[in-house]
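In what follows, a structure is listed as structure tokens, so that the remarks can point back to it.
The values are calculated or read from the model by the stated rules, or taken from the named source; none is laboratory data. On a predicted model such as this, the values are computed, not experimentally measured, just so you know. In this analysis, Cβ positions are derived from the backbone assuming ideal geometry, glycine residues included, and neighbour counts consider all displayed protein chains.
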Amino acid sequence: MEMRKVLLLFGLVVFCGVVMGQALVGGQGVDTLAIPGMKVMANIRYGQANEKQSFDLYLPERPSGRRLPLMIWIHGGGWRMGRKNEMEVAWLASYGYAIASIDYRFSRDSVFPAQVRDCNAAIRLLWKNAAAWGLDTGRFVLAGASAGGHLASLIAMSRNNRVQDFDAWPLSDHPVSFKGVVNFYGPADFYAFHGDETGYKVDSITSSVSLLLGGSPLSLPGRAKYASPASYVDAGDPPVLILHGDKDPIVPLYLDILFYHVLQEAGVRSELMILPGAGHGGPAFTGDSARRKVISFLTSIGI
């Protein structure tokens, strides 16, 4: 029983973004990661309303001269904390990827859809400056963990639906498309996310989900649906890879099994990798098995 409490506490810590990641090189800022072989353009501003409205862009120190595929990373932290140096995909730098890691406004400052609007503003800036930064706009991939997995999935799934409220700029101003999505244990359907079996009471007004939505999923079902990636799935969506642990104490596995089948029914190319014994984050998601799966998926979609 004591071990279960320890594991649950660890999962909550990861979900809340308290695990701070690597210590950083001076001048980059405490939430910028140092990745060997990569130079970083740190804290690029995409907005001025909040100090969190920035992203880091990692580019090879020795560029090949070819346009680079870009992995756009969105960190977790229950939508109310976390930092852009918390990345499950930093290892992709050694495979020739540029990486952009986005910070965004937290739910304690701004309720949904502020977080999606922020991420879309950062993506717009990346799209607009792709030529200057050597990025291939035909090979943009979205990824994120936990809350970031939710945001990455929502941005990609809603793009075909032209949800203007999710973007601070006219959608016609940046016709962004995504080659694929990698969702690390992010919830995709708040309409089905209820109860307290996950270690905290989802429907409490103080839960991470309720703070994001401005009320509990039970009391605001329409808003819960509005914020759910599964609500926007259609046949034109990009391929999706989902990775989820079968011992996740925070985001139940059934939510991503449900998301996988919603994608399948819509005809969206999708894969689900269930990691035996894995919880909410942890080394399993950057281990050899997960890495092979991610690389296989990215290769299969032409990245």
Query raised in the report: Hey, among the residues in the stretch 210-250 that are aliphatic (A, V, I, L, M), modelled with pLDDT of 95 or more and touching an Asp or Glu at 6+ places or on another chain (Cβ under 8 Å), which one's surrounded by the fewest Cβ atoms within 10 Å (Cβ to Cβ)?
Result: Ala230
Requested in this report: Would you be able to tell me the number of residues in the stretch 144-178 that are assigned to a helix (DSSP H, G or I) and on the phi > 0 side of the Ramachandran plot?
Outcome: 0
Query raised in the report: Consider Ile72 against the criteria (1) crowded, with 24+ Cβ neighbours inside 10 Å; (2) more than 27 Å from Asn160 (Cα to Cα); (3) aliphatic (A, V, I, L, M): it satisfies all of them except one. Which criterion is unmet?
Result: (2)
Query raised in the report: Here are some conditions: (1) closer than 23 Å to Gly287 by Cβ; (2) touching an Asp or Glu at 6+ places or on another chain (Cβ under 9 Å). Ala90 meets all but one. Which one does it not meet?
Result: (2)
**Report entry** Among (1) more than 22 Å from Gly267 (Cβ to Cβ); (2) buried (at least 16 other Cβ atoms within 10 Å of the Cβ); (3) at pLDDT below 95, the one test that Tyr191 misses
**Finding:** (1)
Query raised in the report: Regarding Leu253, is this residue surrounded by 19 or more Cβ atoms within 10 Å (Cβ to Cβ), under 15 Å from Asn183 (Cβ atoms) and not small (Gly, Ala, Ser)?
Result: no
**Report entry** Count of the stretch 179-223 residues which are in a loop (DSSP other than H, G, I, E, B) and within 18 Å of Ile257 (Cβ to Cβ)
**Finding:** 11
**Report entry** Residue that is in a strand (DSSP E or B) and under 26 Å from Phe140 (Cβ atoms), where the choices are Leu243, Leu263, Leu255
**Finding:** Leu243
Query raised in the report: What is the one condition in (1) closer than 25 Å to Lys293 by Cα; (2) over 17 Å from the mean Cα position of the chain (by Cα); (3) modelled with pLDDT of 95 or more that Gly96 does not satisfy?
Result: (3)
**Report entry** Count - residues of the stretch 100-120 that are surrounded by fewer than 20 Cβ atoms within 10 Å (Cβ to Cβ) and either touching a residue at least 60 places away in the same chain (Cβ under 8 Å) or of a type in the set (Ser, Thr, Tyr) (or both)
**Finding:** 3
Query raised in the report: In the stretch 40-57, is there at least one residue being small (Gly, Ala, Ser), under 17 Å from Lys179 (Cβ atoms) and at pLDDT 95 or above?
Result: no
Requested in this report: Return the pairs, sorted by first residue and then second, in which the second residue is basic (Lys, Arg), the first residue lies in the stretch 181-195 and is touching a residue at least 24 places away in the same chain (Cβ under 8 Å), the beta carbons are less than 9 Å apart, and the residues are 6+ apart or on different chains.
Outcome: Asp189/Lys225; Phe190/Arg223; Phe190/Lys225; Tyr191/Lys225
Query raised in the report: Which of the residues that make up the stretch 48-69 are assigned to a loop (DSSP other than H, G, I, E, B) and surrounded by 15 or more Cβ atoms within 10 Å (Cβ to Cβ)?
Result: Asn50, Lys52, Gln53, Arg67
Query - Of all residues in the stretch 142-198 being of a type in the set (Lys, Arg) and out of contact with any helix residue (DSSP H, G or I) (no Cβ under 8 Å at 6 or more places or on another chain), the one that is nearest to Asn120 (Cα to Cα) - result: Arg159
Query raised in the report: Hey, does the stretch 76-89 have a residue that's of a type outside the set (Phe, Trp, Tyr) and not in a loop (DSSP other than H, G, I, E, B)?
Result: no
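Condition check ((1) within 17 Å of the chain's Cα centre (by Cα); (2) under 25 Å from Ser300 (Cα atoms); (3) in contact (Cβ under 8 Å) with a residue 60 or more places away in the chain) across all residues:
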residue	(1), (2), (3)
Pro229	yes, yes, yes
Phe259	yes, yes, yes
Glu265	no, yes, no
Val268	no, yes, no
Leu272	yes, yes, no
Leu275	no, yes, no
Query raised in the report: Does the stretch 108-138 hold any residues that are outside any helix (DSSP H, G or I), modelled with pLDDT of 95 or more and touching a Gly at 6+ places or on another chain (Cβ under 8 Å), and which are they?
Result: Phe112
